[in-house]
Structure formats: C-alpha cells, structure tokens
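Colleague: Following this message is one structure expressed as structure tokens.
The values are calculated or read from the model by the stated rules, or taken from the named source; none is laboratory data. Fair warning: this is a prediction, and the values are worked out from it, not measured in the lab. Counting neighbours? That spans all protein chains shown, and the Cβs are built from the backbone with ideal geometry, glycine included.
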Amino acid sequence: MLIVELAVVGAGPAGLYAAIQAAKEGVEVLLIDENLTAGGQLFKQIHKFFGSETHFAGVRGIDIGRRLLEEIRNREVKVWLDSMCIGLSSDRELEVVRNGFCQTVKAERVVLATGAAELPVVFPNWTLPGVIGAGAAQTMINIHRVLPGTTVLMVGSGNVGLIVSYQLLQAGAEVLAVIETAEHVGGYGVHAAKIRRAGVPILTSTSIKCAQGETEVEAATIVKVDHNWNPVPGTERTLAVDTICIAAGLRSLGELAWMTNCEFSYLPQLGGYVPIHNEWMESTLKGVYVAGDLAGVEEASTAMEEGRLCGISVAKDLGYISENAAIEQKQSITRSLEALQGGTFGEERREAKRRLMEGWKESKI
Amino acid sequence: MTEKEHCTKKMMMNVVGYPSLQELEQSPGFVSNDRLKKGAVAVIECVQDIPCDPCEKACPQGAIKVGRTITNLPVLEEEKCTGCGLCIPACPGLCIFLVDMTFSPTEALIGIPYEFVPLPTPGSRVEGIDRSGKCICQASVIKVRNPSSYDRTPVVYIAVPKKHAQEVRFIMKE
C-alpha cells in the first residue's frame, strides 16, 4: 500500500492547480488521472479565455494546459496517468486500477477534481451514429484533428454550444443552425455574434423533434416550441445534416464523492448534485476536498482558482503553512473567484455557491 | 429573475445573437460619429457584463478602461485612441474592430479579427458580411496582420464603401 500526504484525483485545471499549489508549499502529492495525458479539457479549448490577468485572460486554454504541465514537471509531483480511481473510503483509502492491477493508496488528505460529464438529450433516433456530445465533437476536431461530420446541427446555445459551433466552422464543417429551447441565447453574446456573422442562424424557442437515417444520421427535424416548451404543430423543419451535436449542459461527476458518504446538495444551476463544501473547499467529510466542476459546473478559470485554494487548505491542514498565511492567500483567491462570478451571467451560480456553503454550516450543527 | 437580468435578456443581443446598432450606441465602448470622421479608431462591440478585461491592458495609450470590477463594460476614451489595432486580437470575444473613415474619398478601412484558414491575400476581392451573416457589399483586402504577438488571431483589413463601414464585420470568399 502506498501512503501519501495528498492524493489528487483528476488532472484537469482544478486538480493540476491543487497539486501544483500543495507541492509548492512542500506537501507530498500524488496526482491521479484516468487519461493518457494530464490537462483535462484544457487542451481542446483553443479559444482565448475571459477573465483578468490572474485568470490567464487572453491566453488560449491549450497554452494554459501547456504551462500547467510544465509547472507539474518542475515540482516534485508524482503523476499517475492511465490510472483509474474506482473507489474511495471515508478514511481516505483510494483504490486505483493501474497497469492492470488494483492498488491501494492511503492518503492523509484527498482532493477530488473529477470534473463533469455532458448531459444527453433524448429524442427518437438519438442513438444513431452521428448524434454526439458537443464536447466530444470538440475533442475530435481540436485534439484528434478529425471532423465528426460535414454538416452539423447544434442543440443548445450555452457557451459550449456557441464555442464548439465556432470551432467546427474553423475546422471546416458547415453548421446549419444552433437551436435553443429557451426564448433567449444562453451563452455570451460575443460568442453568439462570432457565429452569427459567419452565417450560422441561432433559432430560439426551437427544439429537436427527431433524427432521421437508416444506419447513421441523415437529417434532423426541428420544431418551434411555445412558452411552456410544448411543440407547436405545423412548425417542423427538416435539415439535411450528418451530425447532431448536443450541448445541453453538464453534470458534476460525483461518483467517488458519493462513496465517502459526504453530503450533497441539489443545485441545477451548478450541475445537479454537488458535494456541499465550505469556503476552504472542504466537503462535509474531514480531509476530503472538492474543486472544479465537481464542486459546481463553471468555467475552467474558476476551476483553477478552486484547485489553488484546495492546495492551500491542505498545506494549512498539514502544517506546511501558517493559518494566517493561508487566510491571506484564501482572501486573494476569493476575490478572484468573485470577479469571475460577477455580472448577470454569474448571478445564479454565485447564489447557488452561497447556498452550498450555507449547507456546510448547517450540516455541522 | 432580477430586474437587471430581465433588462439584459430583453436585449436584441440575446434574441438574435448580435447587438443592434442602438444597443451598440448605448454602450460606453462604442465610438462617436465625430471621432469616426477623424480617422482610424477602435470600435468596441461589447454590450454584456461578462468578466473580462484584456482590452484594457492591450491598449498602449490607456484609451480603454474597464476598472477593478471586470464585469464593467469597456469605456473608450476615443480621443486617446490612435487606431493602432492592438486591442483587436487581445479581445477574447473577438468583438473589437477598427474603422478608418479617412481611408479614401469613397471607401472606409475596416479591421476584422479573422481566425479562419486560408487567410485572404491582399488585393483579393471578398464579400463584405454584416453582423447577421448577410452579404451586403463587395470588399477588397488591403492587408493582413498576423504577427506572433497576435497569438493566432489575424486581423484582416478590408476596404468597403463608406456607407457600410458600421455594418460590415466579417468576410467571405466571393
């Protein structure tokens, strides 16, 4: 059995930052990820990030990923890739499948940064080849350099749907339309404007009725919906597409956290069931921390700051930095997080996060 | 829904996916007609309070202000703007353009962030596309700027009839 001070599960932006920050303070870190490379979704995010200088604003996700991997290499962090954490007990024993064997790791502290998964949309023929997640399409074009199809219907106008539509255009596909069940475009206007001027219509109050095709997608039928999201008969239109991308939101990947019996709260604004955590990112189970999309689905910029905060919390807990130094760093990260959650778009998430932390206080009483 | 959110959602930006001229004119980053007449200037089409401020740091003249609250809309001090265009590739939202109404007696020069391949070649003819994706005029490509400091956001400069200077925001091959 391997004994470590800190085990971080998930090497996306949150996990990488947690590992880097903790190692920087002297904590012995093991970083575990099931993928062949670290970086999570950063390497497929070829667009420039929003935020401020502290959040790498203006830098492309792929380049942020490169910088973080370099930092990991420069720190004494043990990295286990192609290693799947399949179990976690409440006394912080992890079961990790690695090289075909199950290994036990006993960690004094655990940071869970397991990310999120795309939500499906179910409609007739949704299992036909050619119906894929928008995130999957983004992985295909930006990581593997393969076009999933040549003519695309995007379902969902949140930032993921808008950004992936733009990147599909960059990759050479034709995006026939972005459809949105709500009356308004979900994501940032600037992302919408980029694809509108490139000729992609965004059809609001519109849903997908079915996919058509014998062995793969050959067309999609879309339909107008009323205020209650009921289809309006007679408004159907059929678009000849070979790919239907689903961008209907993400849900937190809480499976490992569930195993520890830590408490969850249901907050749809943050991706469904999310582990309750305090302002130090600690779950209701002492010594187990959460960060990134698992702690509420937001942007990668937020994930990085939450990961950094986890690293500081663990270093404080294990006595590597003083309480005062930790509080000072936490305050600066909190300000940075507040900046990212500011404005109209951040309002719902900000409120949901507040409720999540309220939940932590209640659970301790 | 809060009142502020309601106001934002009523915007044309949220219904059709691009801002109306009226919404642009009401935003603090949008340039005045008086300044336009004086020569090259940045036209900032940022109308939503998203957390973002790289345009402020990109401007060597300090002509763009966002401030500490990064959800503030950028404010353009148009007299300070020299029309250098450095803010164009710095904007992650690709919503800053350059307009020079003094380019020629009949044509305006427009700088457009353009992240597609192949890049057009100077001298070629292209279609001038408006915010809604509609072709509204012919345009000629004057120059393409793509230094490494732009970080893979090339800026394509095109000449269009002056009356379309505040409409053309994209190009397509003829």
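Colleague: Identify, by number, the condition in (1) at positive phi; (2) away from every other protein chain (no Cβ under 14 Å) that B:Gly67 doesn't meet.
Modeller: All conditions are met except number (2).
Colleague: I need the helices (runs of 4 or more DSSP H) fully contained in segment A:127-212, keeping only those with at least 3 residues that are surrounded by fewer than 21 Cβ atoms within 10 Å (Cβ to Cβ) and within 11 Å of chain B (Cβ to nearest Cβ). If you could, list the steps in order and put the result at the bottom.
Modeller: Working: elements: A:134-142, A:159-171, A:189-197.
Answer list for segment A:127-212: A:159-171.
Colleague: Filter segment B:40-51 down to residues that are of a type in the set (Val, Ile, Thr) and under 15 Å from the mean Cα position of the chain (by Cα) and give me whichever is farthest from the other protein chains (Cβ to nearest Cβ).
Modeller: Going residue by residue through segment B:40-51, those that are of a type in the set (Val, Ile, Thr) are B:41, B:43-44, B:47, B:50.
From the residues that got through so far, the ones that are under 15 Å from the mean Cα position of the chain (by Cα) too are B:41, B:43-44, B:47.
Details: B:Val41: 20, B:Val43: 13, B:Ile44: 11, B:Val47: 6 Å.
Taking the candidates together, the pick is B:Val41.
Colleague: Another one. Take segment A:58-81 and flag every residue that is within 14 Å of chain B (Cβ to nearest Cβ) and either at pLDDT below 95 or out of contact with any Pro (no Cβ under 8 Å at 6 or more places or on another chain) (or both). Can you show your working first?
Modeller: In the first step, residues of segment A:58-81 are kept if they are within 14 Å of chain B (Cβ to nearest Cβ); the result is A:58-64, A:66-67.
Within segment A:58-81, A:Val59, A:Arg60, A:Gly61, A:Ile62, A:Asp63, A:Arg66, A:Arg67 meet the criteria.
Colleague: Go over the candidates B:Leu119, B:Leu94, B:Leu86, B:Leu73 one by one and state the one that is farther than 16 Å from A:Lys194 by Cα, in contact (Cβ under 8 Å) with a residue 40 or more places away in the chain and of a type in the set (A, V, I, L, M). Write out each step before concluding.
Modeller: Working: B:Leu119 fails: in contact (Cβ under 8 Å) with a residue 40 or more places away in the chain; B:Leu94 fails: farther than 16 Å from A:Lys194 by Cα; B:Leu86 fails: in contact (Cβ under 8 Å) with a residue 40 or more places away in the chain.
When all the criteria are applied, what remains is B:Leu73.
Colleague: For segment B:112-124, what are the residues that are among the hydroxyl-bearing types (Ser, Thr, Tyr) and surrounded by 17 or more Cβ atoms within 10 Å (Cβ to Cβ)? Let's see the steps before the verdict.
Modeller: First, pick out the residues of segment B:112-124 that are among the hydroxyl-bearing types (Ser, Thr, Tyr): B:114, B:121, B:124.
Listed by number, the list holds a single entry, B:Tyr114.
Colleague: Moving on. Out of segment B:122-139, which residues are more than 13 Å from the chain's Cα centre (by Cα), in contact (Cβ under 8 Å) with a residue 40 or more places away in the chain and not in a strand (DSSP E or B)?
Modeller: Listed by number, the list holds a single entry, B:Ser132.
Colleague: Does A:Ser322 fit the bill of being within 14 Å of chain B (Cβ to nearest Cβ), surrounded by fewer than 20 Cβ atoms within 10 Å (Cβ to Cβ) and over 26 Å from A:Ala117 (Cα atoms)?
Modeller: Details: within 14 Å of chain B (Cβ to nearest Cβ): no; surrounded by fewer than 20 Cβ atoms within 10 Å (Cβ to Cβ): yes; over 26 Å from A:Ala117 (Cα atoms): yes.
So A:Ser322 fails the test.
Colleague: Filter segment A:319-365 down to residues that are without any contact (Cβ under 8 Å) to a residue 24 or more places away in the chain, within 22 Å of the chain's Cα centre (by Cα) and under 21 Å from A:Met304 (Cβ atoms), then give me how many there are. Can you show your working first?
Modeller: So in segment A:319-365, the residues without any contact (Cβ under 8 Å) to a residue 24 or more places away in the chain come out as A:319, A:322-329, A:331-332, A:335, A:338, A:342-344, A:346-347, A:350, A:354, A:358, A:362, A:365.
Those still in the list that are within 22 Å of the chain's Cα centre (by Cα) too: A:335, A:338, A:342-344, A:346-347, A:350, A:354.
Applying the additional criterion that residues be under 21 Å from A:Met304 (Cβ atoms) yields A:335, A:338, A:342-343, A:346, A:350, A:354.
Of the residues in segment A:319-365, 7 are without any contact (Cβ under 8 Å) to a residue 24 or more places away in the chain, within 22 Å of the chain's Cα centre (by Cα) and under 21 Å from A:Met304 (Cβ atoms).
Colleague: Let me ask something else about it. Exactly one condition in (1) at negative phi; (2) under 15 Å from the mean Cα position of the chain (by Cα) is not met by B:Gly85; state its number.
Modeller: If we test B:Gly85 against (1) at negative phi; (2) under 15 Å from the mean Cα position of the chain (by Cα), just (1) comes out false.
Colleague: Quick one: in segment B:125-141, which of the residues that are among the hydrophobic types (A, V, I, L, M, F, W, C) and touching a helix residue (DSSP H, G or I) at 6+ places or on another chain (Cβ under 9 Å) is surrounded by the most Cβ atoms within 10 Å (Cβ to Cβ)?
Modeller: First pass over segment B:125-141, keeping only residues among the hydrophobic types (A, V, I, L, M, F, W, C): B:126, B:129, B:135-137, B:139, B:141.
Subsequent filtering for residues that are touching a helix residue (DSSP H, G or I) at 6+ places or on another chain (Cβ under 9 Å) retains B:129, B:136-137, B:139.
Details: B:Ile129: 23, B:Ile136: 16, B:Cys137: 15, B:Ala139: 28.
Ranking the qualifying residues of segment B:125-141, first place goes to B:Ala139.
Colleague: On to the next question. If the requirement is being within 14 Å of chain B (Cβ to nearest Cβ), of a type outside the set (Gly, Ala, Ser) and in a helix (DSSP H, G or I), which of these qualifies: A:Glu358, A:Glu328, A:Glu348? Talk me through it step by step, then tell me what you get.
Modeller: Numbers: A:Glu358 fails: within 14 Å of chain B (Cβ to nearest Cβ); A:Glu328 fails: within 14 Å of chain B (Cβ to nearest Cβ).
The conditions single out A:Glu348.
Colleague: Can I ask one more? Out of segment B:118-174, which residues are more than 29 Å from B:Pro60 (Cα to Cα), among the basic types (Lys, Arg) and within 14 Å of chain A (Cβ to nearest Cβ)?
Modeller: Listed by number, the residues that qualify are B:Lys134, B:Lys173.
Results for (1) within 11 Å of chain A (Cβ to nearest Cβ); (2) small (Gly, Ala, Ser); (3) under 16 Å from B:Thr82 (Cβ atoms); (4) over 13 Å from the mean Cα position of the chain (by Cα), shown as yes or no for each residue.
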| site | (1), (2), (3), (4) |
| --- | --- |
| B:Gly17 | yes, yes, no, yes |
| B:Leu21 | no, no, no, no |
| B:Val31 | no, no, yes, no |
| B:Asp34 | no, no, no, yes |
| B:Lys38 | no, no, yes, yes |
| B:Asp53 | yes, no, no, yes |
| B:Gln61 | no, no, yes, yes |
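Colleague: Right, something else. For segment B:75-117, how many residues are assigned to a loop (DSSP other than H, G, I, E, B), in contact with a strand residue (DSSP E or B) (Cβ under 8 Å, 6 or more places away or on another chain), of a type outside the set (D, E, K, R) and more than 12 Å from every other protein chain (Cβ to nearest Cβ)?
Modeller: Taking segment B:75-117 first, the residues assigned to a loop (DSSP other than H, G, I, E, B) are B:77-86, B:91-95, B:101-106, B:114-117.
From what's left, in contact with a strand residue (DSSP E or B) (Cβ under 8 Å, 6 or more places away or on another chain): B:77-78, B:81, B:83, B:85, B:91-95, B:101, B:103-104, B:106, B:114.
The next check asks that each one be of a type outside the set (D, E, K, R); those that pass are B:81, B:83, B:85, B:91-95, B:101, B:103-104, B:106, B:114.
Applying the additional criterion that residues be more than 12 Å from every other protein chain (Cβ to nearest Cβ) yields B:81, B:83, B:85, B:101, B:103-104, B:106.
Number satisfying all stated conditions: 7.
Colleague: When you check B:Lys57 against the structure, is it of a type in the set (Lys, Arg), more than 8 Å from chain A (Cβ to nearest Cβ) and over 26 Å from A:His184 (Cβ atoms), yes or no?
Modeller: On the way: of a type in the set (Lys, Arg): yes; more than 8 Å from chain A (Cβ to nearest Cβ): no; over 26 Å from A:His184 (Cβ atoms): yes.
Against the criterion (of a type in the set (Lys, Arg), more than 8 Å from chain A (Cβ to nearest Cβ) and over 26 Å from A:His184 (Cβ atoms)), B:Lys57 does not qualify.
Colleague: Scan segment B:140-149 and give yes if some residue there is more than 17 Å from B:Ile44 (Cα to Cα), in a helix (DSSP H, G or I) and either of a type outside the set (Val, Ile, Thr) or touching an Asp or Glu at 6+ places or on another chain (Cβ under 7 Å) (or both), otherwise no. Give the steps one after another, and end with the answer.
Modeller: Here is the first cut: in segment B:140-149, the residues more than 17 Å from B:Ile44 (Cα to Cα) are B:140-149.
Retained after the next criterion (residues that are in a helix (DSSP H, G or I)): B:148-149.
Checking which are either of a type outside the set (Val, Ile, Thr) or touching an Asp or Glu at 6+ places or on another chain (Cβ under 7 Å) (or both) leaves us with B:148-149.
Checked segment B:140-149: at least one residue is more than 17 Å from B:Ile44 (Cα to Cα), in a helix (DSSP H, G or I) and either of a type outside the set (Val, Ile, Thr) or touching an Asp or Glu at 6+ places or on another chain (Cβ under 7 Å) (or both).
Colleague: So which residues in segment A:219-230 are among the acidic types (Asp, Glu) and buried (at least 17 other Cβ atoms within 10 Å of the Cβ), if there are any at all? Walk me through it before giving the result.
Modeller: Residues of segment A:219-230 among the acidic types (Asp, Glu): A:226.
Result: no residue meets the conditions.
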